Amino acid sequence: MNALLRLLVRDIRGSIGMSPYLVLSQLVSPLVYIFVAGFMYGGIVKGMEIGGVTVSYVLFLAPGIVVSQFMLGASYAGSMVWFDKRMGMLEQILAGPFSRAQYVTSKLLSVMMQGVANALLVLLIALPVLVGASLSASGLPLVLGSLILGSLFFGSLILAISTRIKTDQSLNMVFNTVFAPLMFLSSVFYPLDVAPPVLRIIALCNPLTYSVDMIRAGLLGITTSYLPYEIVVLSTESTCMLLVAVHTFRSVKV
Amino acid sequence: MLNNEQIRERMVKGEPTASDLAEPSGDLVIDVKGLAKVYGEHRALDGITFSVKKGEIFGFLGPNGAGKTTTIKVLTTITPPTQGEAKVLGYDVTREAAAIRKRIGLVQQQPSHEIFMTVKQNLRTYGLLWDMKKDEIERRIASLSELFGLKDVLGMKPPELSIGQRRRLQVAREFMHDMDLLFLDEPTTGLDPQVRRALLDHLKEGAKNGLTIFFTTHIMEEAEFLCDRIAIIHRGRIIACDSVTNLRAKSGGGTLIEVFVKDIDTATVDFVRSMPGVKRVAPPDQADEPLRVSVDTPSTMLPSLLDALAKRGCSVTGVNVKEASLEEAFLRMVAE
């Protein structure tokens, strides 16, 4: 079996071993956002405009929540890197028939798999009740592209961070102080048109913003003139973060 | 063979006192020349030179912080050297690291296990990582779990195991795959005597079948039992490298008194060192280790020593008296 595949199988076994109920627990929060917050706020907010088309708030919100799932998937996968370091398995694997590049690649693939799987699961559950949304053949590449590139960015970010932290508490602190603000400083919950200038600029640097816009375009079939630029920006940011992660990992002392 | 004066001269100059001099013949599995490793201001390895031949059980002795683990990390390509050369199985550790890693095994000093998998899954996954066939994986799990007393805990996860059981898992795991060279960094830490002996016997058996073993420990009896040759490392330098027999002979005679004392302080150690008739003193590195005192006349020195410790308010919980041994040679070389 290919070395990368062996490492991936190991990660999958580890994830299942972490908790067989992990997947279920990861579904609760996004479904609450969509089915509770989405419909509740939908009673207050009468329609959101995207590319000249008005949609319900829940339809506006749901794609963003789906996309945010890869952040959660990335955080769990990133914690696996931390556990590998802490439990001596990182050193053990690096003394085995694997290179650092293979280890990093396998972790990124694990992150992406977990993130995309989580997101698609939420999407499949939510889709039947999201009137106006559909997973069409033309929209599918945008949806998958959004999830893959977004997972790559956040997976790389978590990998770079995980190699540097030294305690469990630091790991939790990073997740809470980095990911939560990123969700709110994006177009997940509201369009950027209504944001104050400073927050708008910050949100435009956030890859989550572009992932959300891509998946909205894919699910709702509503595209804007900015979409091609958003795809390029997201691809560039993800690639840069990948290079940062690889460079960071190369220099980690084991 | 070098005499004591020659040894001291070499030590002052920082040269190995080896019998490279008893240079091993046969294929060299490890060949290290002038190896140095620097971490910031700290020189963990200071130009060590040694070699290990195929099928040998090579011991690497030294106190905590001497450089044993750093040496293993360099030879297993986990960390690159700062200076010098090192070849493992004929491959350079810097340029041909991948080739080395395919043929070695490592049992680390620190605990290492898959925390979210059961013991059986740990072993099975490790076999998968080494690309072993399924039936061979299952066969080895059966035999290794028997050998290392893990049969009853195969369904438990590491956090549910005792420290000794986790250590056994770690050691057993490394025997899942075939290898030409095995690095063991204080592998018997935490093991009870029965399992410790089973491991040492297993290692001897492996060596008979051509496995080369690089073994670090600070337990002299293990080194004497197991090793063909031993290098003694102290503060990043190899200060002796020879067969067990030759090292014992270099100990210069004398008797070693080991006194287990609760909470001994530096002032007491210095006092013992100043007692007439005391040749050398090595204070304990850890709480459960004894104060080691080398004397020529144990019949008179032992009562004097115990009396002196009692007068200083020290609580003595045990005493051992040993004749000149590898331990004596080791203590003589590192305590100065």
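The values are calculated or read from the model by the stated rules, or taken from the named source; none is laboratory data. Predicted model only: the values in this text are computed from it and were never measured. Cβ placement follows ideal geometry from the backbone for every residue including glycine, while neighbour counts extend to all protein chains displayed. Each accessible area value is taken on the protein alone, full model and side chains, heavy atoms only, with ligands, DNA and RNA left out. Shrake-Rupley method; radii C 1.70, N 1.55, O 1.52, S 1.80 Å.
Just a few scattered comments:
- Residues of the stretch B:73-88 satisfying the condition of being hydrophobic (A, V, I, L, M, F, W, C) and either surrounded by fewer than 24 Cβ atoms within 10 Å (Cβ to Cβ) or touching a helix residue (DSSP H, G or I) at 6+ places or on another chain (Cβ under 7 Å) (or both): B:I78, B:A86, B:V88
- Subset of the stretch B:63-88 [out of contact with any Leu (no Cβ under 9 Å at 6 or more places or on another chain), away from chain A (no Cβ under 14 Å) and on the phi < 0 side of the Ramachandran plot]: B:P63, B:N64, B:A66
- In the stretch B:260-280, the condition of being open to solvent by less than 30 Å² (accessible area, probe 1.4 Å), at pLDDT below 90 and either of a type in the set (D, E) or on the phi > 0 side of the Ramachandran plot (or both) is met by no residue.
- Qualifying residue in the stretch B:90-102 (condition: within 7 Å of chain A (Cβ to nearest Cβ), within 14 Å of A:L90 (Cα to Cα) and in a loop (DSSP other than H, G, I, E, B)): no
- For beta carbons closer than 7 Å, sequence separation of 6+ or different chains, a first residue in the stretch B:117-129 that is under 14 Å from B:M156 (Cβ atoms) and a second that is β-branched (V, I, T), the qualifying pairs are B:M117/B:T125; B:V119/B:V153; B:K120/B:I141; B:L123/B:I141.
- Number of positions in the stretch A:9-35 that are within 14 Å of another protein chain (Cβ to nearest Cβ), surrounded by 15 or more Cβ atoms within 10 Å (Cβ to Cβ), under 28 Å from A:P63 (Cα atoms) and at pLDDT 85 or above: 1
- For the stretch A:230-254, filtered to residues that are outside any helix (DSSP H, G or I) and among the aliphatic types (A, V, I, L, M), the residue that is nearest to A:F153 (Cα to Cα) is A:V252.
- From B:L128, B:L123, B:L106, residue being out of contact with any Pro (no Cβ under 6 Å at 6 or more places or on another chain), modelled with pLDDT of 95 or more and either more than 20 Å from A:R100 (Cα to Cα) or more than 12 Å from chain A (Cβ to nearest Cβ) (or both): B:L123
- The set of residues from the stretch A:173-186 being polar (S, T, N, Q) and either within 14 Å of the chain's Cα centre (by Cα) or open to solvent by 90 Å² or more (accessible area, probe 1.4 Å) (or both) comprises A:N176, A:S186.
For (1) surrounded by fewer than 19 Cβ atoms within 10 Å (Cβ to Cβ); (2) of a type in the set (A, V, I, L, M, F, W, C), each residue gets a yes or a no:
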{"position": "A:G51", "(1), (2)": "yes, no"}
{"position": "A:P63", "(1), (2)": "no, no"}
{"position": "A:M89", "(1), (2)": "no, yes"}
{"position": "A:S106", "(1), (2)": "no, no"}
{"position": "A:M112", "(1), (2)": "no, yes"}
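- Residue count for the stretch A:130-172, restricted to those that are free of Cβ contacts under 8 Å to residues at least 24 places away in the same chain and either surrounded by 13 or more Cβ atoms within 10 Å (Cβ to Cβ) or not in a helix (DSSP H, G or I) (or both): 5.
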